[in-house]
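Visitor: Quick one: this structure, given as structure tokens, is what I'll be asking you about.
The values are calculated or read from the model by the stated rules, or taken from the named source; none is laboratory data. If you're wondering where the values come from, they're calculated on a predicted model, not measured in any experiment. As a convention, Cβ positions derive from the backbone with ideal geometry for all residues, glycine included, and neighbour counts pool all protein chains shown.
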Amino acid sequence: MRLRNHPILEFKEQRVIHFTFDGQDITALEGDTIAAALHAAGIRTLSHSLRRHHPRGLFCAIGKCSSCLMEVDGCPNVKTCLVPVKDGMVVKSQDGWGRFPSATSRKDYQRKEIPTRETDIAIVGAGPAGLSAAIYAARLGARVMVMDENYLVGGQLIKQTHMFFGSKDHYAKTRGIDIGTLLRQQCDELAIEILTECSVIGYYHPHELAMVHKRKLNHVKAKAVIIATGASENMLTFPGNDLPGVYGAGAIQTLMNVYKVKPAERVLMVGAGNIGVIVSYQLLQAGVDVVAVVEATPKIGAYQVHASKLVRCGVPILTSHSIVKAYGNESVEGAVVAQLDNKWNIIPGTERDVAIDTICLSVGLNPASEILDQAGCRMLYIPELGGQVAVIDRNMETSVSGLYVAGDVSGIEEASSAMLEGRLAGVAAVQSLHGSSPQIEKLKHEIQSGLDALRTGPFGEKTRIGNKIMTEAAS
Amino acid sequence: MKHDYINTGILRLTDFQVPPPERRRAGRVIMIECVQNIPCNPCSTICPQGAITIEGDITNIPVVDFSKCNGCGLCVANCPGLAIFMVDESIGDNSAEVGIPYEFSPFPEKGEIVSVYDRSGKIICDGEIVRVRNPKSYNKTAVIYFRVPIQFSLDARFIKRKADKAKTPIH
Ligand SMILES: Cc1cc2nc3c(=O)[nH]c(=O)nc-3n(C[C@H](O)[C@H](O)[C@H](O)COP(=O)(O)OP(=O)(O)OC[C@H]3O[C@@H](n4cnc5c(N)ncnc54)[C@H](O)[C@@H]3O)c2cc1C
Ligand code: SF4
Ligand code: SF4
Ligand code: FES
């Protein structure tokens with residue numbers, strides 16, 4: 001089902017297109033990804049698992065989890081959450097590994113020669129961090145190229161319909177979606193090249209990248225590289241967690257706020273951090289019922305203002321509660337939740353059955369740092385920063401000289417800090433090319449103090465601890 | 001266990017600054033329900049009267065000077081936390097007017113009777129819509145003013161259209 005009216009989203013005329021799914025004709029709107037179009041048509045099972053052939057639905061909707069793999073125009077293992085639908089596309093659900101690509105589909109990506117693209121600074125990821133890095137580096141005169149595997153520019157901002165916190169300098173009270181547009185405009189004014197549908201799959205010394213643009217392999221040569229690949233949503237273990245209908249909260253947010261698909265009728269949200277609470281509120285805005293938010297710890301992690309605005313709408317946040325199991329045949333039909341004691345054990349007799357069709361997990365994010373590891377950066381597991389991160393200095397530079405990071409990939413925080421880190425990495429990367437100047441030192445100092453200011457207060461504590469561990473490790 | 005907003009998301013009147021009764025009886029005035037040290041400050045920069053201040057760090061909490069607030073409503077629409085509300089006990093006839101930020105569609109209409117919810121999401125009374133303010137400058141966060149019996153003036157925090165409620169499946 002599609003959303004018809006919404007308090008925040010705007011509806012534009014979209015061309016109707018047709019494709020087939022397992023032989024069945026599906027009507028879609030131009031701009032849908034394959035997975036979004038299938039959801040709009042009420043289809044949640046996209047494939048079956050490798051060994052036990054369990055039904056599989058999408059989980060992340062941003063290309064990070066591989067649970068949406070399907071065969072598209074003869075090519076197996078296509079991430080259908082990233083690929084836009086085209087008229088006449090032939091989409092098939094995939095059971096297991098899939099078949100060897102057909103001869104016609106092989107033509108799509110076979111190449112006699114692999115072209116090389118050269119730039120000063122190559123930036124991986126067009127979220128708030130990557131775009132800010134590009135803007136600041138380009139302003140200082142560097143040639144930059146931004147690559148993103150999504151076909152839309154803006155990273156997580158494109159689905160965030162709520163107003164952001166912060167100060168004027170971080171676009172406070174502007175909606176995330178509008179911040180994305182503003183950053184995009186600034187890039188356009190600076191004539192920054194942004195390549196979409198473009199996955200960076202490997203780093204080679206010094207500063208060469210293997211990149212797949214619309215299924216074709218490319219070679220990128222740069223003088224410095226900034227990795228701003230963001231994060232992926234964590235899974236939670238419970239029986240039934242692999243049923244279609246169990247989604248990452250961000251995935252549900254993508255379906256409803258980017259593709260305007262009504263993603264569910266009745267939802268159970270797991271996790272009362274900012275994302276869980278914000279997405280619950282946005283589900284209400286899309287006309288979806290949220291039965292409750294369950295949170296295993298005794299405390300709500302989200303900002304009080306976000307929690308309060310949800311609870312007053314009639315959605316309870318049940319702390320010291322968790323999901324025991326999900327059940328259903330092809331897809332989620334219900335869940336059991338229960339109260340936990342202070343040792344995380346289920347209190348017998350408190351189990352409750354809730355009839356829902358969707359479970360959203362918002363149990364944390366994990367830095368998407370694989371490329372950094374592959375590049376040989378010194379890595380460290382820092383739980384306070386969300387997981388495996390590259391060890392960096394005050395300039396966002398990793399142990400590999402000229403390789404920088406910015407945003408969630410360097411530690412889970414917020415868009416406001418992602419933008420500042422992006423600016424800093426952009427400026428520092430230019431410095432590595434052209435040497436320092438009083439202007440560069442001043443800029444860096446301003447950005448660093450801005451970051452320190454954001455991280456004051458109790459909600460910045462995790463990052464402060466994480467960064468301290470990092471600094472100690474670096475020295 | 002102590003049942004605090006940190007466990008439930010529900011604030012109590014003792015958790016934040018409430019305008020004194022004389023001030024409420026004198027006309028529209030805000031209540032800010034934002035009690036944690038979060039990195040945010042638009043309320044303090046947008047108020048034309050300088051009624052809201054955040055001293056020092058951006059993570060400090062906002063403080064209101066109720067005598068400076070003239071009830072214009074700008075901060076209600078511009079607070080990203082949707083944490084600022086308006087109250088007016090100057091109406092007489094045992095009713096009070098409450099203003100809340102509202103981001104649901106469609107908007108209720110003037111004169112419509114709606115269900116009124118408190119901070120815990122419980123229905124406490126009916127309310128009558130008095131005004132729907134949604135100028136472009138509010139950027140899609142409307143401010144909706146409605147009338148409630150005066151005993152609910154400090155607790156009315158959300159409204160639902162009766163038509164919308166009927167659509168919610170009951171299990
Ligand atoms: C529901 C929700 C609410 C939020 N609310 C707020 C808020 O109120 N205020 C706030 O400040 N922040 C908020 N955030 C956090 C904020 O969105 C993130 O911290 C921010 O988007 C991180 O920016 P980033 O640029 O590091 O990563 P992202 O925005 O995730 O961007 C990373 C980009 O990299 C691309 N990419 C990844 N790997 C590759 C690859 N190998 N090749 C090419 N491209 C790749 C991805 O496609 C993506 O576009 C919220 C987040 C969520 C999910
Ligand atoms: S209502 Fe108007 S005058 Fe009162 S605090 Fe808000 S912005 Fe200032
Ligand atoms: S703008 Fe709203 S959320 Fe931000 S500090 Fe002010 S009252 Fe709190
Ligand atoms: S990769 Fe497509 S849903 Fe995760």
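One line per residue, one yes/no per condition, for (1) outside the structural domain of A:Ile121 (by TED's automatic domain parsing); (2) within 22 Å of the chain's Cα centre (by Cα); (3) under 23 Å from A:Val405 (Cα atoms):
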residue: A:Ile158; (1), (2), (3): no, yes, yes
residue: A:Phe165; (1), (2), (3): no, yes, no
residue: A:Glu208; (1), (2), (3): no, no, yes
residue: A:Ala228; (1), (2), (3): no, yes, yes
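Visitor: Further, regarding this structure: Looking only at segment B:43-60, count how many residues are within 16 Å of ligand 1 (Cβ to nearest atom) and either at pLDDT 95 or above or of a type in the set (A, V, I, L, M) (or both).
Guide: Residues flagged as within 16 Å of ligand 1 (Cβ to nearest atom) and either at pLDDT 95 or above or of a type in the set (A, V, I, L, M) (or both) within segment B:43-60 amount to 2.
Visitor: Which one of these does A:Arg4 not meet: (1) within 14 Å of another protein chain (Cβ to nearest Cβ); (2) farther than 30 Å from B:Arg133 by Cα?
Guide: (2)
Visitor: Looking only at segment B:1-35, which residues are acidic (Asp, Glu) and touching a Phe, Trp or Tyr at 6+ places or on another chain (Cβ under 6 Å)?
Guide: Across segment B:1-35, the qualifying residue is only B:Glu33.
Visitor: Do any helices (runs of 4 or more DSSP H) entirely within segment A:273-375 hold 2 or more residues that are touching a residue at least 24 places away in the same chain (Cβ under 8 Å), under 26 Å from A:Glu414 (Cα atoms) and within 11 Å of chain B (Cβ to nearest Cβ), and if so, which?
Guide: Per the criteria, A:274-285, A:304-311.
Visitor: Only one residue in A:Arg266, A:Arg312 is among the charged types (D, E, K, R) and within 25 Å of A:Arg175 (Cα to Cα), so which one is that?
Guide: Result of the check over A:Arg266, A:Arg312: A:Arg312.
Visitor: Another question about this same structure. Residue check, A:Ser432 against (1) polar (S, T, N, Q); (2) closer than 24 Å to A:Ile382 by Cα; (3) touching a Gly at 6+ places or on another chain (Cβ under 6 Å), all met but one. Which one?
Guide: (2)
Visitor: Considering only residues that are modelled with pLDDT of 95 or more and either among the basic types (Lys, Arg) or touching a His at 6+ places or on another chain (Cβ under 6 Å) (or both), which ones fall in segment A:420-463?
Guide: Selection gives A:Arg423, A:Lys442, A:Lys444.
Visitor: Mind listing just one residue for me: the one in segment A:147-181 that is basic (Lys, Arg) and under 30 Å from A:Val83 (Cβ atoms) and, of those, nearest to the other protein chains (Cβ to nearest Cβ)?
Guide: Residues of segment A:147-181 that are basic (Lys, Arg), as a first pass: A:159, A:168, A:173, A:175.
Of the ones still in play, those that are also under 30 Å from A:Val83 (Cβ atoms) are A:159, A:175.
On the way: A:Lys159: 16, A:Arg175: 7 Å.
Ranking the candidates gives A:Arg175 first.
Visitor: Restricting to segment A:435-447, and then to whatever is under 24 Å from A:Cys377 (Cβ atoms) and loosely packed, with under 14 Cβ neighbours inside 10 Å, can you tell me which residue is farthest from the other protein chains (Cβ to nearest Cβ)?
Guide: A:Gly435
Visitor: Could you please find all residues in segment A:217-257 being surrounded by fewer than 22 Cβ atoms within 10 Å (Cβ to Cβ) and either without any contact (Cβ under 8 Å) to a residue 60 or more places away in the chain or part of a loop (DSSP other than H, G, I, E, B) (or both)?
Guide: A:Lys223, A:Asn234, A:Met235, A:Leu236, A:Thr237, A:Phe238, A:Pro239, A:Gly240, A:Asn241, A:Asp242 - these are the residues of segment A:217-257 that are surrounded by fewer than 22 Cβ atoms within 10 Å (Cβ to Cβ) and either without any contact (Cβ under 8 Å) to a residue 60 or more places away in the chain or part of a loop (DSSP other than H, G, I, E, B) (or both).
Visitor: Tally up the residues in segment A:72-123 that are buried (at least 18 other Cβ atoms within 10 Å of the Cβ) and under 30 Å from A:Ala142 (Cβ atoms), please.
Guide: 6
Visitor: Which residue out of B:Val64, B:Val76, B:Val98, B:Val87 is more than 13 Å from the chain's Cα centre (by Cα), among the aliphatic types (A, V, I, L, M), within 20 Å of B:Leu11 (Cα to Cα) and at pLDDT 95 or above?
Guide: Within the list B:Val64, B:Val76, B:Val98, B:Val87, the selection yields B:Val64.
Visitor: Could you tell me whether A:Ile347 is away from ligand 4 (no atom under 16 Å from the Cβ), out of contact with any Asp or Glu (no Cβ under 6 Å at 6 or more places or on another chain) and outside the structural domain of A:Ile43 (by TED's automatic domain parsing)?
Guide: Against the criterion (away from ligand 4 (no atom under 16 Å from the Cβ), out of contact with any Asp or Glu (no Cβ under 6 Å at 6 or more places or on another chain) and outside the structural domain of A:Ile43 (by TED's automatic domain parsing)), A:Ile347 does not qualify.
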